[in-house]
Amino acid sequence: MAGHKGFDFPFEKATNIRMLILDVDGVMTDGSIVMDKNGDEHKAFNVRDGHGIKMIQRAGIQIAIITGRSSPVVQARASDLGIEFVIQKCLNKAEGLARLEQESGIAAKHCAMMGDDVIDLPPMYKCGLSLAPADAHISVTNYADWISDYPGGRGAIRQAAEALLIAQNSWDEIVFNRYNVSPADCGW
């Protein structure tokens, strides 16, 4: 399990990351899917994870979503966060990654991916950095380069975003100069 102080984060591996790819259910959310009586789907997203996404976007790191399900809620959240690359209903996520490489022009070796279940492993194997929430399936935590202290939908993305800012020497510009908060103030 990762230590919040980040001693086990692979900072060296993260220096060349240009895109963070996220799964939705279990990464951007806690994995719960709530359906109302009409079959309409509802998801809850963590605002601090969203702020982490905005911070790394300001640092020049692209964000992408590859998800096996399809939901208008996901598209709305992606639009809200300014996420350009969204691939939904993608049951072969390795193919989704290949499509993403073509559309974005960013090679997998310059991508980090945060996934939580076996469907996420094929693209995680190809990315330059693999990340997992604390409550990811054991097959994912056994493979991942780094495991967050936080579960999916509860701060895992934010912690990964902070680590990427530190790894790429962007913390002062993106966080300290704006909020007067150091990495140590955030537990790093």
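A short reminder: the numbers here are calculations on the coordinates, not readings from a lab. As the structure is a prediction and not an experimental result, all values here were calculated from the model. Cβ atoms come from the backbone with ideal geometry, glycine included; neighbour counts cover every protein chain shown.
Observations on the structure shown:
- Inspection of the range 115-136 finds a residue satisfying the criterion of being polar (S, T, N, Q) and not in a loop (DSSP other than H, G, I, E, B).
- Exactly one residue out of Ile61, Ile21 is in contact (Cβ under 8 Å) with a residue 60 or more places away in the chain, closer than 17 Å to Arg158 by Cβ and in contact with a Cys (Cβ under 8 Å, 6 or more places away or on another chain): that is Ile21.
Rundown of residues vs (1) surrounded by fewer than 17 Cβ atoms within 10 Å (Cβ to Cβ); (2) not hydroxyl-bearing (Ser, Thr, Tyr), yes/no style:
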site: Pro151; (1), (2): no, yes
site: Gly155; (1), (2): no, yes
site: Arg158; (1), (2): no, yes
site: Ala163; (1), (2): no, yes
site: Gln168; (1), (2): no, yes
site: Asp172; (1), (2): yes, yes
site: Tyr179; (1), (2): yes, no
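- Scanning the range 146-185 for residues that are part of a helix (DSSP H, G or I), without any contact (Cβ under 8 Å) to a residue 12 or more places away in the chain and either aliphatic (A, V, I, L, M) or more than 24 Å from His110 (Cα to Cα) (or both) gives Phe176, Asn177, Arg178, Tyr179, Ala184, Asp185.
- Test result for Arg48, over 24 Å from Ile138 (Cα atoms), touching a residue at least 60 places away in the same chain (Cβ under 8 Å) and touching a Lys or Arg at 6+ places or on another chain (Cβ under 7 Å): yes
- A count restricted to the range 123-155 and to residues that are of a type in the set (S, T, N, Q) and under 14 Å from the mean Cα position of the chain (by Cα) stands at 2.
- Any hit, the range 83-102, residues being basic (Lys, Arg) and farther than 22 Å from Gly128 by Cα: yes
- Residue check for Asp120: within 30 Å of Arg178 (Cβ to Cβ), acidic (Asp, Glu) and either within 14 Å of the chain's Cα centre (by Cα) or crowded, with 19+ Cβ neighbours inside 10 Å (or both): no
A quick yes/no check of all residues on (1) out of contact with any strand residue (DSSP E or B) (no Cβ under 8 Å at 6 or more places or on another chain); (2) among the acidic types (Asp, Glu); (3) surrounded by 20 or more Cβ atoms within 10 Å (Cβ to Cβ):
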position: Val24; (1), (2), (3): no, no, yes
position: Ser32; (1), (2), (3): yes, no, no
position: Glu41; (1), (2), (3): no, yes, no
position: His51; (1), (2), (3): yes, no, no
position: Met55; (1), (2), (3): yes, no, yes
position: Thr67; (1), (2), (3): no, no, yes
position: Asp80; (1), (2), (3): yes, yes, no
position: Phe85; (1), (2), (3): no, no, no
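- Close pairs (7 angstrom Cβ cut-off, 6 or more residues apart or separate chains): touching a residue at least 12 places away in the same chain (Cβ under 8 Å) and more than 14 Å from Thr67 (Cα to Cα) in the range 85-110, among the aliphatic types (A, V, I, L, M) and assigned to a loop (DSSP other than H, G, I, E, B) anywhere: His110/Ile17
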